[in-house]
Amino acid sequence: MLRVLGISALLLVVALAGALWIYRDIPAAELEARYAGPASKFITIDGVRMHYRDEGAGPVIVLLHANFSNLIDWDPWVEALADRYRVIRFDMTSHGLTGPDPTGDYSQQRTLALMERFIDALGLQTFSLGGTSMGGTMAIHYSAAHPERVERLVLLSPGSLEGKERKSRGTVPRTAYVLKYILPRALPEFMLRSGFGDPSRLPPALVDRWYDMWMREGQREAQLDRLSQYEAGDIEGLIRSVRTPVLLLWGEANTTATFDQSAEFIELLENASSLKFISYPGVGHMAVEEAGETIGRDVRAWMDTPLADLPPS
């Protein structure tokens, strides 16, 4: 019996060691060599080495990605805008090629502070701001704190209300931290598939990129910490404070920030100087990834419309 137990224990150790090897972190330098394009730049903001891209020329628009995503997902919007606009996008901490925050702080306040300092470091004075999901939440927070600097606001399925509901149900359980050591590719694939209205449109290359970015050294723990520290705050009050023109976009097949939340958003945006709403049948929460070209064209058309010609809300 002892011999059997000993062999079983040895096999368990070997299996665990094999799993840890298979799911080991990918060095940051390796990922940068793979995914940092010609337009990629890095800037250190309050101890964080942030990855960003600054492309095109003209009026500025800053794009804020979703949770679990990265700046590369914005490529279709950049293609739609960069011939006439200066498009700036960056990887938030715990995402993409920026990676973990050395402070371990992924709170709303820290995320907003880094965003503010990044924008100031680039010398931006007035600009448009676009965000999806978590990025939409951050766009709302920034617009509320700096209304004089945001000329236009683009919100694609902003996750603000969904995030508040999720927080009320409790934080990330400690058992989830096993993902620090074992993270199968099937998990990001499942999340992407569930975020597409039509999962058959999900390209394998997108799954590969998401998985690679998640496997960056320290990234898994950082992302779990971000989820654990999430607080929506008084999001309804912040949305009501928006006075800028708003383009609100929503996928009708969204099962994360469900489509019925769009009606609540429209009501909360009662003080926006102008509000245009576009919905997309069959498109899910990962709308940037699923229908980026189509939505990018709509954003371009709205951005090209002079402020004076935007209809009042």
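The values are calculated or read from the model by the stated rules, or taken from the named source; none is laboratory data. Everything quoted here is computed from the prediction, not taken from an experiment. Counting neighbours? That spans all protein chains shown, and the Cβs are built from the backbone with ideal geometry, glycine included.
Listing for the model above:
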item: Residue satisfying condition, being out of contact with any Ser or Thr (no Cβ under 7 Å at 6 or more places or on another chain), buried (at least 17 other Cβ atoms within 10 Å of the Cβ) and under 28 Å from L206 (Cα atoms), within set E289, E293; result: E289
item: Single residue of region 119-157 satisfying the filter (part of a strand (DSSP E or B) and in contact with a Gly (Cβ under 7 Å, 6 or more places away or on another chain)) that is farthest from V299 (Cα to Cα); result: S133
item: Those helices (runs of 4 or more DSSP H) lying entirely in region 197-295 with at least 2 residues touching a residue at least 60 places away in the same chain (Cβ under 8 Å) and in contact with a Pro (Cβ under 7 Å, 6 or more places away or on another chain); result: 204-214, 219-229
item: Filtered residues of region 259-275 (kept if of a type in the set (S, T, Y) and surrounded by fewer than 16 Cβ atoms within 10 Å (Cβ to Cβ)); result: S273
item: Selection status of A253, surrounded by fewer than 22 Cβ atoms within 10 Å (Cβ to Cβ), modelled with pLDDT of 95 or more and not β-branched (V, I, T); result: yes
item: Single unsatisfied condition, A232 versus (1) at pLDDT 95 or above; (2) buried (at least 20 other Cβ atoms within 10 Å of the Cβ); (3) among the hydrophobic types (A, V, I, L, M, F, W, C); result: (1)
item: Long-range neighbours under 8 Å by Cβ, at least six apart or interchain, first residue at positive phi within region 23-52, second small (G, A, S); result: D46/A113
item: Inter-residue pairs, beta-carbon under 9 Å, first closer than 18 Å to L227 by Cβ and in region 179-196, second surrounded by fewer than 17 Cβ atoms within 10 Å (Cβ to Cβ) and among the β-branched types (V, I, T), 6+ apart; result: I182/I22; S194/T255; G195/T255
item: Every residue from region 116-134 that is within 18 Å of N70 (Cβ to Cβ) and surrounded by fewer than 23 Cβ atoms within 10 Å (Cβ to Cβ); result: F118
